[in-house]
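Where a number appears in this text, it was derived from the coordinates with a stated rule and is not lab data. For clarity, every value in this text was computed on a predicted model and none was experimentally measured. Cβ placement follows ideal geometry from the backbone for every residue including glycine, while neighbour counts extend to all protein chains displayed.
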Amino acid sequence: MKYLFIPFLCCLIACGNLNNEYKDADNALDAGREFIDACLKGDFVKASFYMIQDDTNNSDLKKIEKQYREKDRDGRRQYREASINIFEIANPTENVTIINYSNSFDKIAHKIKVIQQNNKWLVDFKYTFNPNL
């Protein structure tokens, strides 16, 4: 019986840490970097943690996840191994940051908006598809 208790206790402790798996971003650049990196690595739960939760953002993230999952094994590996190349960081206001970036694999330029909301820095992903928002 005691041989079963230790593995059970280890599993219980590991499961208890799931709620604290991600740390709030300290600034806009950290939030943007964590979001982009999570998307490149296919960790869309983590990407969602660093994103403003609204219907449009959630829908856009699901589309990106679907496209990622449809890639072949090698394509997903290349994205996971890609690095983030930041070209420009703009701060139109004190609580808004725009990050212009690409990744080292596909080299396509993208923009994301990071907003400070309720003392948290979060990505407004819909801006990537409609910069007029």
Site N130, offset 7 angstrom along Cα→Cβ, radius 15 Å on amide nitrogen, limited to segment 37-62, gives 54-61
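Return the Rg/Rh ratio of segment 25-129 with Cα-based radii and a Kirkwood Rh.
0.95
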Given unit charges at Cβ for Lys, Arg (+) and Asp, Glu (-), the dipole magnitude of segment 25-129 about its Cα centre in debye, nearest 20, is 380 debye
The answer for W121, listing residues at least 5 apart or on another chain whose modeled amide H is closer than 5 Å to its amide H, is A25
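Checking the table K23/K66; K71/K107; K23/K71 against a 24 Å threshold on Cα-Cα, which pairs fail?
Violating the 24 Å Cα-Cα cut-off are K23/K66; K23/K71.
Rank the residues I64, I108 as a footprinting-exposure proxy: fewest other Cβ atoms within 10 Å of their Cβ go first. Don't skip to the answer; put the middle values down first.
Values: I64 16, I108 8.
So the residues, fewest neighbours to most, are I108, I64.
Starting from the Cα-Cα distance between K23 and Q78, subtract it from 0.36 nm times their residue separation and give me the gain in nm to one decimal. Before the final figure, lay out the partial values.
On the way: separation 55, 0.36 × 55 = 19.80 nm, distance 2.60 nm.
Result: 17.2 nm gained on full extension.
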